[in-house]
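Okay, so here's the structure we're looking at.
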Amino acid sequence: MNTNVIQGQEVLFISTASDGKGLEEVEGMEWVKIPEKREGKGKGKTIAAVSLPQLEYDAGILSGILNQAVNDLRRELVVSLYRAGTVQYTEQDIGEDAIAKFWSEKSFSAESVGVWFDNEMAPLLAYSIQVAKGWNDPLTAEQEKYVEQKQAAYRGSYVECAAKFPKLNPTQMAELARVIALVELSGPIVDRIREKIVPKVAEESLGF
């Protein structure tokens with residue numbers, strides 16, 4: 001039982017009603033079983049399944065852990081889409097980018113934004129401040145203190161973006177967006193931050 005079809009240049013991965021038993025194994029594919037929505041503990045019985053390409057990444061000693069984590073995330077993504085009414089999926093729906101976006105939505109918190117800032121934004125921000133000030137290496141103790149203070153202020157503001165309703169004024173939001181564009185950062189965390197700080201403007205085509 002494999003109902004996947006090719007439509008043009010795209011494969012449609014189609015879920016089908018199933019109790020999860022007797023599913024035919026296909027090389028390079030794996031069945032993602034979708035449980036019924038159930039309150040409380042337990043996954044609930046399987047009500048549908050969809051055959052998807054196996055995901056495998058070579059990451060040395062972390063390969064097993066990484067593969068398990070990514071596949072678990074994809075299963076959660078497929079289940080959430082199914083429960084939202086999706087019964088057929090494209091690569092765009094369940095591919096690596098979609099999994100990364102799903103993970104960022106699950107993990108978008110003060111902690112994850114703080115880690116993002118420390119690992120990705122902080123070095124670029126420090127360099128940008130130094131360039132803007134025209135300071136040469138090595139920085140003086142006073143200059144280093146200035147950079148650290150600025151980093152702390154920006155870190156606090158970016159972390160605030162993880163709040164359901166960020167306490168940031170329009171000027172602060174515009175500055176956070178400007179700095180992200182300045183250092184040319186991208187990725188799931190950046191996308192979520194932008195959603196919080198970039199005003200959404202209705203298209204001019206709306207209306208009669």
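Please treat every number below as a calculation from the coordinates, not as lab data. Since we're looking at a predicted model, the values are computed, not measured. Here the Cβ positions follow ideal geometry from the backbone for every residue, glycine too, while neighbour counts run over all protein chains shown.
Okay, here's what the table says:
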{"item": "Spin-label model distance (nm) - I6 vs K45, 7 Å beyond Cα toward Cβ", "result": "3.8"}
{"item": "Distance in nm between pseudo-label sites at E105 and K21 (7 Å out along the Cβ direction from Cα)", "result": "3.4"}
{"item": "C-alpha center-to-center spacing [region 147-191, region 57-98] in angstrom", "result": "29"}
{"item": "Net charge over other residues, Cβ less than 15 angstrom from the Cβ of L73 (K, R count +1; D, E count -1)", "result": "-4"}
{"item": "Q172 versus V115: modelled label distance in nm, points set 7 Å from Cα along the beta carbon direction", "result": "2.5"}
{"item": "Selection of trypsin sites (Lys or Arg not before Pro), region 38-133, meeting DSSP coil and at most 14 other Cβ within 10 Å", "result": "R38, K41, K43, K45"}
{"item": "Ellipsoid semi-axes in whole angstrom, largest first, where each is sqrt(5λ) of the Cα gyration tensor of the chain", "result": "43, 21, 17"}
{"item": "Highest-fluctuation residue, I14, I193, I94 considered, GNM on the chain with Cα pairs under 10 Å", "result": "I14"}
{"item": "222 nm mean residue ellipticity, helices alone, for the chain (DSSP H n ≥ 4; -39,500 (n - 2.57); rounded to 500)", "result": "-15000 deg cm²/dmol"}
{"item": "Förster-model FRET efficiency, 41 Å R0, E148 and S186, C-beta, rounded to 0.05", "result": "0.95"}
{"item": "Of the DSSP H helices in the chain, those whose Cα atoms cover at least 18 Å axially and whose Kyte score averages -0.5 or more", "result": "63-83, 170-183"}
{"item": "Fewest-first ranking of Y82, Y89, Y146, Y57, using other Cβ atoms within 10 Å as the exposure measure", "result": "Y57, Y146, Y82, Y89"}
{"item": "Which of E10, E184 has the fewest Cβ neighbours within 10 Å, and the rest in rising order", "result": "E184, E10"}
{"item": "Given charges at Cβ of Lys, Arg, Asp, Glu: the chain dipole, positive-most of W135, I193, I14", "result": "I193"}
{"item": "Gyration tensor (Cα) of region 5-105, equivalent ellipsoid semi-axes in angstrom", "result": "21, 18, 15"}
{"item": "Percent RCO, i.e. relative contact order, over region 80-191, from Cα pairs under 8 Å lying at least 6 residues apart", "result": "38"}
{"item": "Cα-based convex hull, region 96-164, per residue volume (Å³, whole number)", "result": "101"}
{"item": "Förster-model FRET efficiency, 30 Å R0, A132 and F165, C-beta, rounded to 0.05", "result": "0.45"}
{"item": "Dipole axis of the chain (+1 Lys, Arg; -1 Asp, Glu on Cβ), positive-most option in T90, Q149, A100", "result": "Q149"}
{"item": "Max mean-square fluctuation residue, GNM over the chain, Cα-Cα springs under 10 Å, options G28, G60, G85", "result": "G60"}
{"item": "J(HN,Hα) series, region 46-58, from Karplus relation 6.51 cos²θ - 1.76 cosθ + 1.60, nearest Hz, glycine and proline x", "result": "6, 10, 7, 8, 9, 8, 10, x, 5, 10, 9, 10, 8"}
